[in-house]
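One structure is given below, encoded as structure tokens.
The values are calculated or read from the model by the stated rules, or taken from the named source; none is laboratory data. Bear in mind the structure is a predicted one, so any value in this text is a computation, not a measurement. Positions of Cβ are generated from backbone atoms using ideal geometry, with glycine treated the same way; all protein chains shown enter the neighbour counts.
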2 protein chains.
Amino acid sequence: QRPPCTEFDMAYFHSYAHVGIHEEMIKDQVRTETYRQAIMQHQSSIEGKVVVDVGCGTGILSIFCAQAGAKRVYAVDASEIALQANEVVKANNLSDTVIVLHGRVEDVEIDEEVDVIISEWMGYMLLYESMLGSVIIARDRWLKPGGLILPSHATLYIAPVTHPDRYSESIDFWRNVYGIDMSAMMPLAKQCAFEEPCVETIVGENILTWPHVVKHVDCYTVTIGELESVHTKYNFKSMMRAPLHGFAFWFDVEFAGPAMSPTHSHAQPSLTETPVDGNQRKKRVNPNEALVLSTAPEDPPTHWQQTLIYFYEPIDVEQDQLIEGSVTLSQSKENARFMNIHLEYASGGRSFVKESVMR
Amino acid sequence: QRPPCTEFDMAYFHSYAHVGIHEEMIKDQVRTETYRQAIMQHQSSIEGKVVVDVGCGTGILSIFCAQAGAKRVYAVDASEIALQANEVVKANNLSDTVIVLHGRVEDVEIDEEVDVIISEWMGYMLLYESMLGSVIIARDRWLKPGGLILPSHATLYIAPVTHPDRYSESIDFWRNVYGIDMSAMMPLAKQCAFEEPCVETIVGENILTWPHVVKHVDCYTVTIGELESVHTKYNFKSMMRAPLHGFAFWFDVEFAGPAMSPTHSHAQPSLTETPVDGNQRKKRVNPNEALVLSTAPEDPPTHWQQTLIYFYEPIDVEQDQLIEGSVTLSQSKENARFMNIHLEYASGGRSFVKESVMR
């Protein structure tokens, strides 16, 4: 029943042993401040309660929870960074409250039920790294009925993108290099630049229309099985005439309280995947005014940036032109931490398929 | 006699198959424009002559030589990028002049002597990648007596550096993280941030005094043997009171004509390694007004940036305080493309040793 710890998992855990990745995440103020605010907003659910922090890293979220009055915080991380978290906890005289456990959530032992799960598990494109699985395991092993999960919900979006500058810098550049026509380089340039997903920052102006929801995750009810493969069909209508260069993915997460959620039910919350006024709504309905951590292009940038999949050739689209297709995200068989992205798209009577792997 | 092509060599060649590295080098205008100017300045030695371009990449320097009137240019590269260079040459109708040879200079055949060798062989810290060895092999296989090598000379420098902002961002940062004392992270931060050489851009203000010449290379006379290990003693006198954070390395190369050089003699040109007016001179004497491509901190930045070796702890030095020691650069036994950097330094009565590997 306990999944094996593969050599890919070992390499993945080890990649978090380097301090630089933690420095980058902590210095991402949108990320860290939103988590701190969420903890403070839910202080009444944390005070005097037992918390588990899944993938605690340097332990900063665990310490925030201790500061919010948690009775006990289990800070779990399979990376060697857990040893550092333990030093930080000791130096802050929090060893009575924060218990650092160096191991996988599958393997460590916690001899009580917990009231709260907190985790910063989101990877690029939300699901890259497959760390949500660890939250699910922690939930199923330890969370009390009615307990709190922070964040409570996550949503992955896709939208069509125009990005002439990016294309020009990498591809058209070869047309005239110090006066030499090096356009013979362009096929290789397209392949090298656009074969794999690119993590980079775009802005709202790069987006051709409202995004489509690829996947909405209710952290209370999501199962490991439903993350193995995510499939959705989309249907965009371009709001402008522009070259379509590819698609962008981004996500947001919500920090709703358990009372606000249909806890442990498999009912889907009311998403706006269906057209409203003939178009998709930009964001999910958020009736509870829950705190949201957004990585959308129109919001302040984060270390997650956006994930772009560029076509080899742009497609010229007219205003109101339809862009239809589907996207399938699945764990790579080569390495479950990798993600296969199967993209089908059609517009103006031509259809295409693009396979990418996020490694 | 012909050195074997190791799996490290194969990996090294393959790393140049990706278009991004060529885009970066070509877009480095200091690099590419200086090479173009050097070719134009030496046009009289190139016109109607036979040239070999060692490590031609996309072939841009070979095409510059063809534009300068070369009779024939052998463009040699062991990376698959040579196939692209061939496409570029064909598309520019230069196939009669530029002959692309896909292979190592050790392995390809050129059935004539050459008048000119051009090569952009410089790695980080000048010698990283060990590509100068390929220029030496090409010279010894094909260059006519009295032939031209571009660049003709190269000089590697070292200087003591103060960089409080860099230290503060990576290390002092942990003292106060959203109000939490995370200084327990500092030993790991120092190890992760400063164990290996850092390639980054500093400015003239970071340099505590005039640099010291680690190695001067005369491309006409240098031997592979003398590059296996480079050793020098240095002796700096700090021009200011400051925390000494480490040492910076950078280089320049000169494009002098063969008449200006003591061709095929082993006499060293007059370097200013000896103190002048009680101090080192900043640059080598350059009586020939040869074109120089500099990667010094006070000059416009290039893609080589500078290479920094930081100490785990800064050393406070007073104005005029001596900083003495030695540096030894040697090929790694693990991988001849890697470089071991053995640094000894002493100041204010304390002495230290730091070993780094540039991978």
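For every residue, the table says whether it meets (1) surrounded by fewer than 21 Cβ atoms within 10 Å (Cβ to Cβ); (2) farther than 26 Å from B:Gly69 by Cα.
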residue	(1), (2)
B:Val114	no, no
B:Met125	no, yes
B:Tyr157	no, yes
B:Pro164	yes, yes
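So which residues in segment B:209-229 are under 16 Å from the mean Cα position of the chain (by Cα) and not acidic (Asp, Glu), if there are any at all? Within segment B:209-229, B:Pro211, B:His212, B:Val213, B:Val214, B:Lys215, B:His216, B:Val217, B:Cys219, B:Val222, B:Ile224, B:Leu227, B:Ser229 meet the criteria.
Within segment B:110-120, identify whether any single residue is under 19 Å from B:Glu228 (Cα atoms), touching a Gly at 6+ places or on another chain (Cβ under 9 Å) and not basic (Lys, Arg), and answer yes or no. Scanning segment B:110-120 turns up no residue that is under 19 Å from B:Glu228 (Cα atoms), touching a Gly at 6+ places or on another chain (Cβ under 9 Å) and not basic (Lys, Arg).
Quick check, is B:Ala184 over 29 Å from B:Pro301 (Cβ atoms), more than 14 Å from every other protein chain (Cβ to nearest Cβ), hydrophobic (A, V, I, L, M, F, W, C) and part of a helix (DSSP H, G or I)? Give the steps one after another, and end with the answer.
On the way: over 29 Å from B:Pro301 (Cβ atoms): yes; more than 14 Å from every other protein chain (Cβ to nearest Cβ): no; hydrophobic (A, V, I, L, M, F, W, C): yes; part of a helix (DSSP H, G or I): yes.
It is false that B:Ala184 is over 29 Å from B:Pro301 (Cβ atoms), more than 14 Å from every other protein chain (Cβ to nearest Cβ), hydrophobic (A, V, I, L, M, F, W, C) and part of a helix (DSSP H, G or I).
Looking at the structure I just gave you, is B:Ala82 touching a residue at least 12 places away in the same chain (Cβ under 8 Å), in contact with a Ser or Thr (Cβ under 7 Å, 6 or more places away or on another chain) and surrounded by 20 or more Cβ atoms within 10 Å (Cβ to Cβ)? Against the criterion (touching a residue at least 12 places away in the same chain (Cβ under 8 Å), in contact with a Ser or Thr (Cβ under 7 Å, 6 or more places away or on another chain) and surrounded by 20 or more Cβ atoms within 10 Å (Cβ to Cβ)), B:Ala82 does not qualify.
If B:Pro4 meets every condition in (1) away from chain A (no Cβ under 14 Å); (2) over 20 Å from B:Ala336 (Cα atoms); (3) of a type outside the set (D, E, K, R) apart from one, which number is that one? Among (1) away from chain A (no Cβ under 14 Å); (2) over 20 Å from B:Ala336 (Cα atoms); (3) of a type outside the set (D, E, K, R), B:Pro4 violates only (2).
Report yes if A:Ile26 is modelled with pLDDT of 95 or more, in contact with a helix residue (DSSP H, G or I) (Cβ under 9 Å, 6 or more places away or on another chain) and either exposed (fewer than 14 other Cβ atoms within 10 Å of the Cβ) or closer than 26 Å to B:Phe173 by Cβ (or both), otherwise no. Let's see the steps before the verdict.
Numbers: modelled with pLDDT of 95 or more: yes; in contact with a helix residue (DSSP H, G or I) (Cβ under 9 Å, 6 or more places away or on another chain): yes; either exposed (fewer than 14 other Cβ atoms within 10 Å of the Cβ) or closer than 26 Å to B:Phe173 by Cβ (or both): yes.
So A:Ile26 passes the test.
Those helices (runs of 4 or more DSSP H) of segment A:13-121 in which 3 or more residues are among the aliphatic types (A, V, I, L, M) and more than 11 Å from chain B (Cβ to nearest Cβ) occupy A:29-41. When segment A:315-342 is filtered for residues that are under 18 Å from A:Pro243 (Cα atoms) and either of a type in the set (Lys, Arg) or touching a Ser or Thr at 6+ places or on another chain (Cβ under 8 Å) (or both), the ones remaining, listed by number, are A:Ile315, A:Val317, A:Glu318, A:Gln319, A:Asp320, A:Gln321, A:Leu322, A:Ile323, A:Glu324, A:Gly325. Condition check for B:Tyr167 on (1) within 13 Å of chain A (Cβ to nearest Cβ); (2) within 16 Å of A:Lys27 (Cα to Cα): one failure, at (1). Residues considered: A:Arg175, A:Arg241. Of these, the only one that is over 30 Å from B:Thr32 (Cα atoms) and surrounded by fewer than 17 Cβ atoms within 10 Å (Cβ to Cβ) is A:Arg241. No other residue among A:Phe194, A:Phe249 is within 14 Å of chain B (Cβ to nearest Cβ) and either under 19 Å from A:Ile315 (Cβ atoms) or at pLDDT below 95 (or both) apart from A:Phe194. Scanning segment A:171-179 turns up no residue that is under 27 Å from the mean Cα position of the chain (by Cα), more than 9 Å from chain B (Cβ to nearest Cβ) and at negative phi.
Go through segment A:148-170 and give me each residue that's over 23 Å from the mean Cα position of the chain (by Cα) and at pLDDT 95 or above. Give the steps one after another, and end with the answer.
Just the residues of segment A:148-170 that are over 23 Å from the mean Cα position of the chain (by Cα), to begin with: A:164-170.
Those that are over 23 Å from the mean Cα position of the chain (by Cα) and at pLDDT 95 or above: A:Pro164, A:Asp165.
Could you tell me whether segment B:198-209 includes any residue that is at negative phi, surrounded by 14 or more Cβ atoms within 10 Å (Cβ to Cβ) and within 14 Å of another protein chain (Cβ to nearest Cβ)? Within segment B:198-209 (the criterion being at negative phi, surrounded by 14 or more Cβ atoms within 10 Å (Cβ to Cβ) and within 14 Å of another protein chain (Cβ to nearest Cβ)), the answer is yes, since at least one residue qualifies.
When segment B:128-164 is filtered for residues that are touching a strand residue (DSSP E or B) at 6+ places or on another chain (Cβ under 6 Å), closer than 17 Å to B:Ser229 by Cβ and in a loop (DSSP other than H, G, I, E, B), the ones remaining, listed by number, are B:Tyr128, B:Glu129.
B:Met131 passes every criterion in (1) at pLDDT 95 or above; (2) within 24 Å of B:Arg359 (Cα to Cα); (3) away from chain A (no Cβ under 14 Å) apart from (1).
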